[in-house]
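The values are calculated or read from the model by the stated rules, or taken from the named source; none is laboratory data. Given the structure is predicted, the values throughout are model-derived calculations rather than measurements. For neighbour counting, all protein chains shown are included, and Cβ atoms are generated from backbone atoms with ideal geometry for every residue, glycine included.
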Amino acid sequence: MPVSPKRTYNITSVQRCLRLLSLFSEAPGGLSATEVTKLSGLPVSTVHRFLVNLQDAGFLDCSAKGKYHLGIACFSIGHVYVEKLDSPEHLRIFSRIGALVPLYCTAVGKVLLAYMPQAELETTLSQIEPRRLTANTIASRQELEQHLHRVRKAGHAFDLEEHEPHIRCVAAPIWDHTGAVNASLSLTAPAVRMAVPRLRQLAPLIQEAGLRISRELGYQGSEVASARSAPERSSNRLPGPIQRAAMAATFR
């Protein structure tokens, strides 16, 4: 009996749109419509239609200067690891720079959520559907909101085997010169090598390291004050999601 050829579902417009969207992941400063046209090789009219539709759907934001950035719809999918320092230990955790992981069950993700302006947080939470990945995963919005309140109060977040079994993590915010938290710094280790009391001891060191990086980025505020006031910050200026996660670092 002859084998039927495998059906393909190539939708040209969808493929073009996804390729166009991927251009922004490599452009943290954003792209103008002219730059998108040049990089994509698509006609001006086609690029304009895609940009308008992606912006309407929340996948792109456009600044007052006409620069497009990845929008909140992209960010709600997850955050991105962009740099990491591996442990010299033989037993190590594998992670890939550029990998997407959920916001609601990772220490870095919970820090980014906790310090979002309130309006942006509401929008993001409405697009997140928590599901239980381990026995410790937060699986409801109410529980997540209560947890984020504690993260803001403490100034750091833990991942106690919530994303993956046997993996623990602590993360702290990194502020930019405007006082917004667009990145996070984390330390991750196998649970067998990182008891919870030890993780709690390390939390202030991670916070201090995050604050030092923040100072180098021009941050002038008080860490405690920012932890209390950040959720009330105006959401008129929404940096693109890749920008927000671009300085996230994981130490193993």
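Would you mind finding the one in L133, L211, L205 that is modelled with pLDDT of 90 or more, of a type in the set (A, V, I, L, M, F, W, C), surrounded by fewer than 16 Cβ atoms within 10 Å (Cβ to Cβ) and out of contact with any Leu (no Cβ under 8 Å at 6 or more places or on another chain)?
L205
Do any residues in the stretch 142-156 that are on the phi > 0 side of the Ramachandran plot have Cβ atoms under 6 Å from those of residues that are assigned to a helix (DSSP H, G or I), where the two are at least six apart or on different chains, and which pairs are they?
From the stretch 142-156, the pairs are G155/Q207; G155/A227.
Kindly indicate whether L144 is assigned by TED's automatic domain parsing to the domain that holds G221, surrounded by 12 or more Cβ atoms within 10 Å (Cβ to Cβ), assigned to a helix (DSSP H, G or I) and within 18 Å of the chain's Cα centre (by Cα).
yes
Cβ-Cβ below 9 Å, separation at least six or inter-chain, first residue in the stretch 184-197 and farther than 19 Å from I213 by Cα and assigned by TED's automatic domain parsing to the domain that holds L160, second assigned to a loop (DSSP other than H, G, I, E, B) and modelled with pLDDT of 90 or more: which pairs?
Here the result reads P190/H166; A191/E161; A191/P165; A191/H166; V192/H166, each pair linking the stretch 184-197 to a residue that is assigned to a loop (DSSP other than H, G, I, E, B) and modelled with pLDDT of 90 or more.
Just to be sure, is E161 of a type in the set (D, E, K, R), at pLDDT 85 or above and either more than 30 Å from E26 (Cβ to Cβ) or surrounded by fewer than 14 Cβ atoms within 10 Å (Cβ to Cβ) (or both)?
Criteria met by E161.
Confirm whether T124 is in contact (Cβ under 8 Å) with a residue 12 or more places away in the chain, assigned to a strand (DSSP E or B) and surrounded by 18 or more Cβ atoms within 10 Å (Cβ to Cβ).
Taking the combined requirement at face value, the residue does not satisfy it.
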